[in-house]
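K.L.:
Have a look at this one before I ask anything.
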Amino acid sequence: MTETLAETTTQSEDPIPAYPMPRAAGCPFDPPPTAQALHAERPVAKVRMWDGSTPWLVTRYADARALLADPRASSRATLPGFPHPSAGFRDSAPQRRSFISMDDPEHARIRRMVTAPFAIKRVEAMRPAIQKITDDLIDAMLAGPTPADLVHALALPLPSLVICALLGVPYKDHEFFQRNSSLMINRYSSADEAVAANNALTDYLDDLIGTKLAEPADDMLSELAARVDNGELTRREAASLGVLLLIAGHETTANMIALGTAALLVHPDQLATLRETDDPKVVAKAVEELLRYLTIVHNGRSRVALEDIEIGGETIRAGDGIIVYTGTGNRDAELFPEPDRLDIGRDARRHMAFGFGVHQCLGQPLARVELQVVYSTLYRRIPTLRLATGVDELPFKHDGLVYGVYELPVAWDA
């Protein structure tokens, strides 16, 4: 513990570790060692950000869940004290404004406008179409050379195709929106790069909404255009909503497909169980466990205290920044026995991979169906699938808000 935390300056005689925290070499699927040490000994502790600010890092499950449900912990990213992962995120916050950076009742009013397409029954009705897209992409991968990059062959195009169809965005433009969304969620992007990427996507979707106003179709952008037409939203607000849905709809699931596959390939016993089952309940359990184990929103969820909050034996003062670190919360032994072990048979449904409270992920029903389809299809269709490189050679996304791999070289027997 001392070696881990004593690298940085102190405040009130306690070392304050720098944040974000590096993962340990050789343990790419585990939370950073410093975060694990804080979870064990100082579950509510201050950390030092890039700008010298010292928000509170909350690492235990019960405390994290309580704060994510507490209206005194605000999501408004433009408030003083809100912890931003970089200058780019801070300076582009006014342009990025969406319902995820609002509090109720404004948050609830906007969120209700886009909930219907993600209802469980409507998403389940999409399962056959998602299955066909998955099979077609696997067919194309098998017809090509080996090794192949699973990210570009399957993990990225699948959720991109699905969210484009749902929104009414032309998939032919996927390179444009994937490039700009990557800039928006990269914590090393400059403020100018982040703002420019956000503006490019917002302009693009603003133009599409204009088209939908004139020629509505059966898609989400047309529904947003109708709300513009009746005065509920401005075109710019509708376009900003579209940006959020477009980015969230492909970035997170794409990373879970690739990172989940990498984790399974280095846990062959777990992969064998998943590959050999035809029970959808077993597959659904595996999805929840992989979501818990990997927690790809790996830089935590930022909040700022509107009032004093007593939590974990500490007092978070009004105006203090808060980072709710769900990566260690999802590895909490009080809720998940042997939490550092991947066990696709465990009941992991109470994980916080999608957050918790009023801001939990809107698109989680769609993400679950996409992951269930992929995890029940890929390893059965390609039973000899294996990594084409060592896991320590994979290019992990240490620089983004969403964890994953930039490439996943895989091979199989012909």
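K.L.:
Can you give the helix-only mean residue ellipticity at 222 nm for the chain, where every DSSP H stretch with n ≥ 4 adds -39500 (n - 2.57) and the sum goes over all residues, rounded to the nearest 500 deg cm²/dmol?
P.N.:
-14000 deg cm²/dmol
K.L.:
Okay, next question. Residue by residue through the stretch 355-371, what is 3J(HN,Hα) from phi via Karplus (6.51 cos²θ - 1.76 cosθ + 1.60, θ = phi - 60°)? Round to whole Hz and write x for glycine and proline.
P.N.:
Going residue by residue, I get x, 7, x, 5, 9, 4, 4, 5, x, 4, x, 5, 4, 4, 5, 4, 5 Hz, with x marking Gly and Pro.
K.L.:
Any idea what the relative contact order of the stretch 259-350 is, in percent, if you count C-alpha pairs under 8 Å spaced at least 6 apart?
P.N.:
Computed over the stretch 259-350, the figure is 34 percent.
K.L.:
Also: I need to check one value: relative contact order of the stretch 280-414, counting alpha carbon pairs closer than 8 Å and at least 6 residues apart, in percent.
P.N.:
Relative contact order for the stretch 280-414 comes out at 27 percent.
K.L.:
Of 121/397; 172/285; 212/285; 212/281; 172/397; 121/212, which sit over 29 Å apart, Cα to Cα?
P.N.:
Going by Cα-Cα distance, 121/397; 172/285; 212/285; 212/281 fall outside the 29 Å limit.
K.L.:
Can you check what the Kirkwood hydrodynamic radius comes to for the stretch 186-320, Cα pairs only, in Å to one decimal?
P.N.:
Computed over Cα pairs of the stretch 186-320, the Kirkwood hydrodynamic radius comes out at 19.1 Å.
K.L.:
Which values of log₁₀ I(q)/I(0), to two decimal places, follow from the Debye formula for the stretch 269-383 at q = 0.18, 0.21 Å⁻¹ with a uniform point scatterer at every Cα?
P.N.:
Each listed q corresponds, in turn, to -0.96, -1.18.
K.L.:
From the phi of every residue in the stretch 73-82, what ³J(HN,Hα) in whole Hz does the Karplus formula 6.51 cos²θ - 1.76 cosθ + 1.60 yield, where θ is phi - 60° and glycine or proline is x?
P.N.:
9, 7, 9, 6, 6, 9, 6, x, x, 5
K.L.:
Over the chain, with a Gaussian network built from C-alpha contacts below 10 Å, which listed residue (231, 400, 210) shows the highest mean-square fluctuation?
P.N.:
Answer for the Gaussian network model of the chain: 231.
K.L.:
Just to check I understand the Karplus step: with θ = phi - 60° and J = 6.51 cos²θ - 1.76 cosθ + 1.60, what whole-Hz values come out for the stretch 174-179, glycine and proline as x?
P.N.:
Running phi through 6.51 cos²θ - 1.76 cosθ + 1.60 with θ = phi - 60° gives 4, 5, 5, 6, 5, 5 Hz.
K.L.:
For the chain, what is the relative contact order in percent, using Cα pairs closer than 8 Å and at least 6 residues apart in sequence?
P.N.:
24
K.L.:
With all protein chains present, how much of the accessible area of the stretch 58-132 (probe radius 1.4 Å) comes from carbon and sulfur, to the nearest whole percent? The partial results should precede the final answer.
P.N.:
Details: 2170 of 3630 Å².
With neighbouring chains kept in place, the figure for the stretch 58-132 is 60 percent.
K.L.:
If you don't mind, another one. Among 397, 285, 172, what's the order by accessible area (1.4 angstrom probe), most exposed first?
P.N.:
Heavy-atom accessible area, descending, gives 172, 285, 397.
K.L.:
Sort 216-228, 59-71, 120-132 for me by packing, meaning the mean count of neighbouring Cβ atoms within 10 Å per residue, highest on top.
P.N.:
My ranking of the peptides, most packed first, is 59-71, 216-228, 120-132.
K.L.:
Then there's this: Within straight cross-link reach of residue 132, meaning Cα distance under 12 Å, which aspartates and glutamates are found once same-chain residues fewer than 8 apart are removed?
P.N.:
List returned: 370.
The values are calculated or read from the model by the stated rules, or taken from the named source; none is laboratory data. Just so it is clear, the structure is predicted and the values come from calculations on it, not from any experiment. Neighbour counts run over all protein chains shown; Cβ positions are idealised from the backbone, glycine included. Note: areas computed on protein heavy atoms with side chains; ligands, DNA, RNA excluded. Shrake-Rupley method; radii C 1.70, N 1.55, O 1.52, S 1.80 Å.
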